[in-house]
Amino acid sequence: EKMENEEGHSWRGSFVHEYDGLWEPGAKCNIHILIAPDRIPLIICSERSDNDNTSVTNLAEAIAGEIANLFFRHNRNDCSVPFLWIERYYGNRAREETFSLVLFTHYQPTSLYLGRGWRVAIGRPYWIHLNADSVSELVASYNFGTLMELDNVFAIAAEKSS
């Protein structure tokens, strides 16, 4: 579902994004988008534990390109970095939760052949690892609550669907 932000208004959106994996369709990730006046939009792309397909890391430039195409088409030329992209892997018993700021060599849409065919993508990704406290502070600075509160959207949706 496409959601628009009116100029100068705060906005938050959370949804499951389905994308084609490298070799088959049906991959999915969680997306949080936070927009606040005078702030660069923040996107948190989280690898889902039930995603048995290509990971968000292996298709970062394609997923970010798809999200940019849906939500940020109008402000691509306003600045060199039109949004902040945080990649997140939830923790479990075997590993800690991890976060990375992903920067791209460019943010202009291009066609890129990945796996099964041509896709919209942006530039090559580079990862800078972040600790959970810095991501929590960043999320809090957008005045939409905590990362845990944002994640409640997915927990509520899972309960409703079961």
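Read-outs throughout are calculated quantities, based only on the coordinates presented, and are distinct from any laboratory measurement. These numbers were taken from a predicted model, which means no experiment stands behind them. Ideal geometry is used to build each Cβ from the backbone, glycine not excepted, and the neighbour counts take in all protein chains shown.
Give me the orientation-averaged projected area of the Cα convex hull of the range 16-107, in nm², one decimal. If you can, show how the numbers build up before the last one.
Values: hull surface 25.9 nm².
Answer in nm², one decimal: 6.5.
If I model a spin label at D52 and Y126 as a point 7 Å from the Cα along the Cα→Cβ vector, what separation in nanometres do I get?
Each label point lies 7 Å from its Cα, and together they span 3.8 nm.
Does a label point 7 Å from the Cα of T98, set along Cα-to-beta-carbon, have any residues of the range 118-138 with amide nitrogen under 17 Å, and which are they?
Once the point is set 7 Å along Cα→Cβ of T98, 125-135 turn out to lie under 17 Å by backbone N, inside the range 118-138.
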